[in-house]
Amino acid sequence: MPKINNFELTDKLKVVCTDNDEIYEVDYVSNTQNSIRTALHGVPLNFVHLKRNLYVANWRGKEFVMSL
């Protein structure tokens with residue numbers, strides 16, 4: 001599996017919607033140096049590196065965060 005910041009990414013990743021505090025499981029698609037591309041029920045979510053091990057994505061006005 002690919003690594004980002006010494007963290008091994010898996011096929012399934014957990015993300016949190018900060019608007020309703022719900023936890024979702026997303027499918028890993030790919031990554032670059034500063035981003036991680038995932039899919040939530042087939043909808044692409046592009047997480048951008050915000051700080052340290054925190055990545056953030058937005059979709060339909062909702063914010064999702066991923067902590068590695």
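See the values below:
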{"read-out": "Restricting segment 1-63 to trypsin sites (Lys or Arg not before Pro) in coil, as DSSP defines it, with at most 14 other Cβ within 10 Å", "value": "ARG52, ARG60"}
{"read-out": "Rounded to whole Å, sorted largest first: equivalent-ellipsoid semi-axes of segment 3-67, Cα gyration tensor", "value": "17, 13, 11"}
{"read-out": "Contact order relative to length of the chain, as percent, for alpha carbon pairs under 8 angstrom and 6 or more apart", "value": "25 percent"}
{"read-out": "Gaussian network model of the chain, springs between alpha carbon atoms under 10 Å - residue of VAL43, VAL29, VAL16 with greatest fluctuation", "value": "VAL43"}
{"read-out": "Where labels lie 7 Å past Cα in the beta-carbon direction, separation of ASN6 and GLU22 in nm", "value": "3.6 nm"}
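Here, each number is a calculation from the coordinates, and none is a lab measurement. These numbers were taken from a predicted model, which means no experiment stands behind them. Note that we place each Cβ from the backbone using ideal geometry, even for glycine, and neighbour counts take in every protein chain shown.
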